[in-house]
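One structure below.
Every read-out reported here was derived from the displayed coordinates using simple, explicitly stated rules and does not represent laboratory data. Only a predicted model underlies this, so the values are computations on that prediction, with no experimental measurement involved. Neighbour counts are summed over all protein chains in view; Cβ atoms, including those assigned to glycine, are modelled from backbone coordinates with ideal geometry.
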Amino acid sequence: MKPMKRVLTVTVNNNSGVLNRVTGLFAKRQFNIESITVGPTENPAVSKITFIVPMDDPAKMEQLVKQLQKQIDVLKVSDITDKSIVTRELALIKVQCPPPVRSEVYSIIEPFRATVIDMGKNNITVQVTGEPNKVEAFIELLKPYGIKDISRTGVTAFVREYQKQESAQLSILQL
């Protein structure tokens, strides 16, 4: 049985060496990082790191969160796994696609709302964005055609707004 995947967000000062210190803590504690994304926030002096970590033990996760919070330049650590979240990933996939099979490949691309971003004589490069399960399903469907290369961004995530606020906003919009 696969371990449960935990989603951690870590808000940090955008300083040199912060990412190294934070990921070093994972390595020191022998936690595997399945996915990591890093990018600036609305404040250029602050970055957000999103980690996907396979882990079943809540006590170990709690310990990791506490240790991360003690790190220099770490502003906030959240385990958002059990909250209502939005997750997205981007993948670029180069597929063997000679002209005789292009219509077949396009019939897979369309329902996933993927985009052809480059085309060669016998291959195409496709961009797909969505929840990790969608990206994985898309890749599986393209495998029989021959995947030449894949580049994935990793998962990024947000906590959804509270349902009560959404309901209130909808009521205001309906007025």
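Run through segment 25-78 and list the GluC sites (Glu not before Pro) located in a DSSP loop whose Cβ has at most 16 other Cβ atoms within 10 Å. List each step's numbers first, then the result.
On the way: sites: E34, E42, E62; in loops: E34, E42.
Here the sparse-neighbourhood loop sites are E34, E42.
Run the numbers on the chain and let me know its relative contact order in percent, using alpha-carbon pairs under 8 Å that are six or more apart.
Values: 287 pairs, mean separation 44.1, N = 175.
With pairs under 8 Å counted, the relative contact order is 25 percent.
What whole-number distance in Å separates the alpha-carbon centres of segment 40-72 and segment 111-150?
31 Å
Can you give the local net charge around T23? Use residues other than it whose beta-carbon is closer than 15 angstrom to its beta-carbon, Lys and Arg +1, Asp and Glu -1.
Details: positive: R21, K28, R29, K48; negative: E34, D73.
Residues close to T23 contribute a combined charge of +2.
Once amide H atoms are built 1.01 Å from N in the peptide plane, which residues 5 or more positions from T81, or in another chain, come under 5 Å H to H?
V7
Please identify every one of the trypsin sites (Lys or Arg not before Pro) in segment 70-143 that sits in a loop by DSSP and has no more than 15 other beta carbons within 10 Å of its own beta carbon.
Details: sites: K70, K76, K83, R88, K94, R102, R113, K121, K134; in loops: K70, K83, R113, K121.
Sparse-neighbourhood loop trypsin sites (Lys or Arg not before Pro): K70, K83, R113, K121.
So for segment 87-157, what percent of the C-alpha to C-alpha distances run longer than 15 Å?
Details: 1147 of 2485 pairs.
It works out to 46 percent of all Cα pairs.
Grab the other residues whose beta carbon is less than 15 angstrom from that of E42, score K and R as +1, D and E as -1, and report the net.
+2
Among M4, M55, which comes first, then next, by fewest other beta-carbon atoms within 10 Å? Display every interim value, and only then the final one.
Numbers: M4 13, M55 18.
Taking fewest neighbouring Cβ atoms as first place, the list is M4, M55.
Quick one: putting +1 on the C-beta of Lys and Arg, -1 on the C-beta of Asp and Glu, what dipole do you get for segment 5-83 around its Cα centre, in Debye to the nearest 20? All intermediate terms of the calculation are to be shown ahead of the outcome.
Working: 11 positive and 8 negative charges, 39 e Å.
The dipole of segment 5-83 has a size of about 180 debye.
So which trypsin sites (Lys or Arg not before Pro) in segment 18-61 are both in a DSSP loop and have at most 15 other Cβ atoms within 10 Å of their Cβ?
Working: sites: R21, K28, R29, K48, K60; in loops: R29.
Qualifying residues, ordered by number: R29.
Just want to confirm a number: the relative contact order over segment 1-94, from Cα pairs under 8 angstrom separated by 6+ residues, in percent.
Values: 135 pairs, mean separation 38.4, N = 94.
Dividing the mean separation by the residue count of segment 1-94 yields 41 percent.
Restricted to Cα positions, what overall size does segment 5-83 have along the principal axes? Three whole-Å values, descending.
34, 27, 19
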